[in-house]
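The values are calculated or read from the model by the stated rules, or taken from the named source; none is laboratory data. Predicted model only: the values in this text are computed from it and were never measured. With ideal geometry, Cβ positions are generated from the backbone for all residues, glycine too; neighbour counts draw on all protein chains shown.
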Amino acid sequence: MPGTFSQVYIQVVFAVKGRENLIQKKWKDDLNKYIAGIIKGKEQKPIIVNGMPDHVHAFIALRPSMAISNLVRDIKNNSSNFINKKKLVKGKFSWQEGYGVFSYSHSQIGNVYDYILNQEEHHRKNTFREEYIEFLKKFEIEYNEKYLFDWID
């Protein structure tokens, strides 16, 4: 739409079903690139995609014409199909229902990028559960713990 300008930055966080550690180092980079490709294919800008064996962070410059729920649905559906078609895990791979999405200003891009880039270092100190609840509290998002992910720890 002419005359429409935007600058919206979001971080999307989602987990492997059952929070299993299924994302292996040997194919994690391929998965991250594939997810970035899905984001680009939806005419959005992937800033960085990275994660751990049980979850993924995607930092995205979002155009307002795209509903976040549609983008996340497509990322999760297409990436799980990618993993299953390539038989990267035993059995059927799927993501848990739900996700977290957090917004940032332009001035925070560098900090968020570094945070996502250094996930392994960060998770030496905090579990995914601790990290996720910390996000919810930091962004003042009301939640009921029984409706969070299917925690297995």
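General observations
- Cβ-Cβ distances below 7 Å connect the following pairs, each with a first residue in the range 29-57 that is more than 15 Å from residue 72 (Cβ to Cβ), a second residue that is among the aromatic types (Phe, Trp, Tyr) and modelled with pLDDT under 95, and a separation of six or more residues or different chains: 52/128; 54/128.
- Hits in the range 60-119 (condition: among the basic types (Lys, Arg) and more than 16 Å from residue 22 (Cβ to Cβ)): 63, 73
- Helices (runs of 4 or more DSSP H) enclosed by the range 64-153 - at least 2 residues per element that are modelled with pLDDT under 90: 119-122, 128-138
- Residue match in the range 34-45 (condition: among the hydroxyl-bearing types (Ser, Thr, Tyr) and farther than 21 Å from residue 7 by Cα): yes
- Residues in the range 10-28 that are touching a residue at least 40 places away in the same chain (Cβ under 8 Å) and more than 13 Å from the chain's Cα centre (by Cα) were compared, and the one that is surrounded by the fewest Cβ atoms within 10 Å (Cβ to Cβ) is 24.
- In the range 109-131, the residues that are more than 18 Å from residue 145 (Cα to Cα) form Cβ pairs under 8 Å with partners that are among the charged types (D, E, K, R) and assigned to a helix (DSSP H, G or I), at six or more places apart or across chains, as follows: 122/131; 123/131.
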